[in-house]
Amino acid sequence: MRDAKGFTVAVPAGWLREEAAAGVFYRSPDRTALVQIFQVSEPELTPLAAVQGASTYLRAQTTGYEEIRVGPAVGAPEGGELVYEYDSAESHGRRRGVERVFVAGDGKKWAVLTAGPAPDWTLTQSHHQAALAAFRPTGG
């Protein structure tokens, strides 16, 4: 799907697009799962520093936050990746998310974040991999 905010990404059919200050969200119709895309605007941050900072922020701001893993992205060591869980009313319990930050072909740092109910982690991972595989900046 080509987005007006300057990128192409794959999201499941039927998911609804929303724009917010924190980026573009695609949400499942029942709102239990999401894909979020945004640019990392701090030029000094490496992808790894960006996800480490995200973990620090989430720990302070998010109910029930638990960092599962933060480090180089699996299969893409130039990127940074954070896996975490938190309490989510939308997901009716624990929500597990994965955020990957990387430098795209346009030279900008982008983040692709995918989250869903913790028991559906395998499905969330497949949505994340599809979004990453299809992601392309479009210069918009």
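The values are calculated or read from the model by the stated rules, or taken from the named source; none is laboratory data. These figures come from a predicted structure and were not determined experimentally. Please note that ligands, DNA and RNA were not included when accessible areas were found on the heavy atoms of the full protein model with its side chains. Shrake-Rupley method; radii C 1.70, N 1.55, O 1.52, S 1.80 Å.
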Checklist entry - Which distance in Å, rounded to a whole number, links the C-alpha centroids of the stretch 68-140 and the stretch 1-56? => result 9 Å
Checklist outcome for this item: On the accessible surface of the chain, probed at 1.4 Å with all protein chains in place, carbon and sulfur together account for a percent value of 55 percent
Item to check | the chain - mean residue ellipticity at 222 nm from DSSP helices (-39,500 (n - 2.57) per run, n ≥ 4, rounded to 500) | outcome: -6500 deg cm²/dmol
Item to check | Exposure ranking of D120, D3 by accessible area [1.4 Å probe, largest first] | outcome: D120, D3
Checklist outcome for this item: Binned at 10 Å starting from 0, the alpha-carbon pair-distance distribution of the stretch 2-61 in whole percents comes out as 19, 43, 34, 5
Checklist entry - From the square roots a ≥ b ≥ c of the eigenvalues of the alpha-carbon gyration tensor of the stretch 58-137, which class results: rounded (a/c under 1.5), prolate (a/b over b/c), or oblate? => result prolate
Checklist outcome for this item: With all protein chains present and a 1.4 Å probe, the order of W121, W110 from largest accessible area down is W121, W110
Checklist entry - Fully extended, how many nm does the chain gain between H92 and T138 (0.36 nm per residue separation, minus their Cα-Cα distance)? => result 13.0 nm
Item to check | Cα gyration tensor category, rounded, prolate or oblate, for the chain with a/c compared to 1.5 | outcome: oblate
Checklist outcome for this item: Taking a probe of 1.4 Å and leaving out DNA, RNA and ligands, the chain shows per residue an accessible area in Å² of 50 Å²
Checklist entry - When the Karplus curve 6.51 cos²θ - 1.76 cosθ + 1.60 is applied with θ = phi - 60°, which whole-Hz ³J(HN,Hα) does each residue of the stretch 33-48 get, with x for Gly and Pro? => result 9, 7, 10, 10, 10, 7, 8, 8, 8, 7, x, 7, 7, 6, x, 5
